[in-house]
């Protein structure tokens, strides 16, 4: 299959989001850049977090971008996969913990 819904070439167009809303686009990129500066966390740690979150929010553009970034920063395949599993476990836990809401509702309705 040559075509997918998400065109990998679109990632290179990300900077163009400012064209239709320059003020908001610029503010976003200023914020984004600030977030990824070295701080309490290293750029390497932030890259690994971004890769895991990319999987949790199902963003193929982010997955591509942060997989490449992670490799450039020396993050190993094992570290990347472990981070993806952490994201998956948190996502699964978040889904399952909402089962408590369902259980509470059922118990209330059965009263």
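Residue pairs whose Cβ atoms lie under 8 Å apart, separated by 6 or more positions or on different chains, with the first residue in segment 87-106 and without any contact (Cβ under 8 Å) to a residue 40 or more places away in the chain and the second assigned to a helix (DSSP H, G or I) and surrounded by 10 or more Cβ atoms within 10 Å (Cβ to Cβ), are 87/52; 87/53; 87/55; 87/56; 88/55; 88/56; 90/56; 91/56.
Only residues that are out of contact with any helix residue (DSSP H, G or I) (no Cβ under 9 Å at 6 or more places or on another chain) and farther than 20 Å from residue 16 by Cβ were counted in segment 28-42, giving 3.
Each reported figure results from applying straightforward, stated rules to the coordinates on display, with no laboratory input. Everything numeric in this text was worked out from a predicted model, so none of it was measured. Neighbour counts run over all protein chains shown; Cβ positions are idealised from the backbone, glycine included.
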